Amino acid sequence: MMKIFVFLGAPGAGKGTVASRIAEQGDALHVSTGAMLREAVKNGTPAGLAAKSYMDKGALVPDPVLLDMIGELLADAPADAELLFDGFPRNETQAEQLEALVRKHGATVARAICLDVPETVVLRRLGGRRVCPVCGMVFHVETLPPKQAGVCDGCGNPLAIRDDDKPETIKRRLEVYAAKTEPLIAWYEKTGKLRHVDASGEVDASVALVRDAMAD
Ligand SMILES: [Zn+2]
């Protein structure tokens, strides 16, 4: 049966990094909302075209379109696939809609895995992040430096610090995250699917702990 794993965690917890590492190691598919959107738009799927009409106007893609897009993904994925969701759902309504959609496709949301990190760790991680404004590739001055300092390995353009990754903004983002996501975490807790993982260490350590949580 197709299994969905929902990754939760504050900015800087490493959801995307851990999910993509697990995907690289095996048959699981990393489904980041942003990448899924870009892919659907590029492939011109019905939901992709609908999403594009919003994005072209600079508007957020509404939930029904996102859910259609996830439906397309579920329909295309192998029957025994494991999908690692990163960036969706963001609230309880989306979580309920995801459950219903997944069930319709004969799949199940197996676990919601919350990656826990203290604020000091988040500040260090996000503060060192550098992003390529052109291709979106992400680096870190300490843990994932580009081959040439300040230059994107992928496309050769200069790297930038996102406004989001400046210390004053990071603290604010953590507050917003906590306010928005605590109800979602509580919702998954009630379903019995929630597992907490200590994600304050190195990526490899987090990957191992998340794998344990997925299997348990
Ligand atoms: Zn680049």
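The values are calculated or read from the model by the stated rules, or taken from the named source; none is laboratory data. Just so it is clear, the model here is predicted, and its values are computed rather than measured. Every residue, glycine as well, gets a Cβ built from its backbone with ideal geometry; the counts of neighbours run over all protein chains shown.
You will find that of Ala100, Ala112, the residue that is away from the ligand (no atom under 16 Å from the Cβ), surrounded by 14 or more Cβ atoms within 10 Å (Cβ to Cβ) and of a type outside the set (Val, Ile, Thr) is Ala112 and no other. Of all the residues in region 104-125, those that are in contact (Cβ under 8 Å) with a residue 60 or more places away in the chain, in a helix (DSSP H, G or I) and over 21 Å from Glu182 (Cα atoms) number 1. Beta carbons closer than 9 Å, at least 6 apart along the sequence or on distinct chains, pair a first residue in region 188-200 that is part of a strand (DSSP E or B) with a second that is crowded, with 17+ Cβ neighbours inside 10 Å and of a type in the set (Gly, Ala, Ser) for Leu194/Ala112; Arg195/Ala112; Arg195/Ala213; His196/Ala213; Val197/Gly9; Val197/Ser206; Val197/Ala213; Asp198/Ser206.
Residue count for region 146-171 satisfying the condition of being surrounded by 11 or more Cβ atoms within 10 Å (Cβ to Cβ), out of contact with any Lys or Arg (no Cβ under 8 Å at 6 or more places or on another chain) and not small (Gly, Ala, Ser): 9. Select from region 80-125 the residues that are among the hydroxyl-bearing types (Ser, Thr, Tyr) and farther than 13 Å from Leu67 by Cβ and write down the one among them that is modelled with the highest pLDDT. Residue satisfying both the conditions and the ranking: Thr108.
Filtering region 128-174 to residues that are charged (D, E, K, R), part of a strand (DSSP E or B) and either within 12 Å of the ligand (Cβ to nearest atom) or farther than 22 Å from Ser20 by Cα (or both) leaves only Arg130. Listed by position, the helices (runs of 4 or more DSSP H) contained in region 1-83 that have at least 1 residues being in contact (Cβ under 8 Å) with a residue 12 or more places away in the chain and closer than 16 Å to Gln94 by Cα are 33-43, 63-76. Determine, yes or no, whether Lys190 is within 16 Å of the ligand (Cβ to nearest atom) and basic (Lys, Arg). Considered against the rule, which asks whether it is within 16 Å of the ligand (Cβ to nearest atom) and basic (Lys, Arg), Lys190 comes out as no. Contact map, region 150-175: first residue touching a residue at least 24 places away in the same chain (Cβ under 8 Å), second residue more than 16 Å from the ligand (Cβ to nearest atom) and not in a helix (DSSP H, G or I), Cβ cut-off under 6 Å, separation 6 or more or different chains; pairs are Arg173/Pro11; Leu174/Ala10.
Selection of region 169-204 for residues being farther than 14 Å from Gly9 by Cα and in contact with a strand residue (DSSP E or B) (Cβ under 8 Å, 6 or more places away or on another chain) yields Thr191, Lys193. Taking the condition of a type in the set (Val, Ile, Thr) and within 23 Å of Thr191 (Cβ to Cβ), does Val31 pass? Spelling it out, Val31 is indeed of a type in the set (Val, Ile, Thr) and within 23 Å of Thr191 (Cβ to Cβ).
The residues of region 78-92 that are under 17 Å from Ala178 (Cα atoms) and over 15 Å from the mean Cα position of the chain (by Cα) amount to a single one, Glu92.
Out of curiosity, is Thr143 surrounded by fewer than 15 Cβ atoms within 10 Å (Cβ to Cβ) and without any contact (Cβ under 8 Å) to a residue 24 or more places away in the chain? Taking the combined requirement at face value, the residue does not satisfy it.
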